[in-house]
1. Here is a list of conditions, (1) at pLDDT below 95; (2) touching a helix residue (DSSP H, G or I) at 6+ places or on another chain (Cβ under 6 Å), and L136 meets all of them except one; can you say which number that is?
2. Output the number of residues of the range 16-57 satisfying the condition of being within 22 Å of V89 (Cα to Cα) and crowded, with 21+ Cβ neighbours inside 10 Å.
3. In this structure, does A34 turn out to be more than 24 Å from C202 (Cα to Cα) and assigned to a strand (DSSP E or B)?
4. Going by the structure shown, is A195 surrounded by 14 or more Cβ atoms within 10 Å (Cβ to Cβ), more than 24 Å from F115 (Cα to Cα) and small (G, A, S)?
5. Is it the case that the range 159-182 has a residue that's at pLDDT 95 or above, over 23 Å from K22 (Cα atoms), in contact with a Phe, Trp or Tyr (Cβ under 8 Å, 6 or more places away or on another chain) and surrounded by fewer than 18 Cβ atoms within 10 Å (Cβ to Cβ)?
6. Failed condition for S206, given (1) modelled with pLDDT under 95; (2) over 17 Å from D15 (Cα atoms), with all others met?
7. Could you grab me the full set of residues in the range 74-113 that are modelled with pLDDT under 95, closer than 21 Å to M249 by Cβ and surrounded by fewer than 20 Cβ atoms within 10 Å (Cβ to Cβ)?
Amino acid sequence: MNPLEKGVHFGDRVDAYVEGRKGYPKEMFDFLAAKVPACSEKSALDLGCGTGEFSTKPLIELFHSVHACDVDERMLAKALKKLNGVPLVRSSAEELPYRDGQFGVITMFTSFHWFCNDQAVCQISRTLEDNGYVFLSAGGGGRPLKNKVQEILENVIGRKIIDPKEEYDPEGMLAKHNFKTIAKAEFKAVEYYTADEALKRCQSSSTWNDVVAENKEEEACGKLRDFFTKYIEDNGPIAQETKKRVLLMQKN
C-alpha cells in the first residue's frame with residue numbers, strides 16, 4: 001500500500017473527529033515544556049496532526065516555531081482554518097519532506113500507531129537534530145462505555161473486532177532506533193458525553209473501520225444512538241474515565 005493511502009479513510013469522518021474528541025489536558029503540555037530544555041527556543045513538528053486543534057494549537061505557545069503534518073487532506077483542510085500561520089504539509093511519515101535535523105522536537109498525539117514502523121522512525125530520526133526529542137501520547141481516552149459498545153458493534157457486523165493497537169509498542173520501536181527513554185507520565189481525567197458526542201467518538205475511532213468495511217454504518221449508528229440515549233435517561237451524562245499516557249524519548 002502507498003504510504004499516503006494509510007489512514008486516509010480516517011478523513012471521511014473528520015466531522016465526527018472534531019465533534020466527538022475531547023482533546024488533551026493542559027497538564028500534558030506543561031509536562032512537555034518542563035522536560036525539554038530550552039523548549040521555547042526549539043522548532044517542533046506535530047506529526048499526524050489531524051485537524052490541529054487538539055495538539056498543534058497548544059504547541060504554538062511552547063515552541064519558537066511549529067510545523068504540522070498529516071497524511072489526510074481533509075484533516076489538513078480543517079487545520080488550515082484553525083492554525084493561522086502554521087506551515088501545513090500533506091505527507092506520510094515514511095517520506096517526510098523536511099531537511100535533516102530541522103526539528104528539536106517531534107510530537108505524535110495518538111497517531112504513532114498508524115506508522116509505528118522502521119521506515120517512519122528512520123525519517124523521524126533524520127529530521128530531528130542531534131539529541132532531539134520525540135514526545136507521544138501512547139494511550140488515550142477510548143470510546144465511552146467501551147465494553148458495551150464493542151459488544152454492540154460485534155453483534156452488528158457478526159464477528160470479533162481486533163484492536164489495531166494490540167501489539168503496539170512505541171517505546172520498543174523507538175529504542176530499536178537508538179532513542180532513549182527520558183520520562184513517562186499518566187494524566188487521569190473524566191470526559192463527559194452527550195449521546196450524539198458519544199456516537200461521534202465511536203465513529204472517529206479506528207474500530208469503526210470494521211463497521212465501514214461491512215457496510216453496516218446505518219445499523220450500527222441506530223443501535224448505538226438508542227443505547228446511549230437510554231443510558232443517559234437511566235444514569236445521567238456519560239462519564240468516561242481516561243488515562244492519557246505520555247512518553248518522552250531522546251535521540252542518541
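1. Of everything listed in (1) at pLDDT below 95; (2) touching a helix residue (DSSP H, G or I) at 6+ places or on another chain (Cβ under 6 Å), L136 misses just condition (1).
2. Residues that pass the stated criteria total 12.
3. Numbers: more than 24 Å from C202 (Cα to Cα): yes; assigned to a strand (DSSP E or B): no.
Here the answer is no, as A34 does not meet what is asked.
4. Yes: the conditions hold for A195.
5. yes
6. Condition not satisfied by S206: (2).
7. Result: H113, single match.
Quick grid of which residues meet (1) modelled with pLDDT under 95; (2) part of a helix (DSSP H, G or I); (3) among the basic types (K, R); (4) under 18 Å from the mean Cα position of the chain (by Cα):
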site	(1), (2), (3), (4)
V14	yes, yes, no, yes
Y17	yes, yes, no, yes
E53	yes, no, no, yes
V66	no, no, no, yes
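The values are calculated or read from the model by the stated rules, or taken from the named source; none is laboratory data. Bear in mind that the values here come from a model prediction, so they are computed numbers and not experimental data. Reconstructed Cβ throughout: ideal geometry from the backbone, glycine too, with neighbour counts over all protein chains shown.
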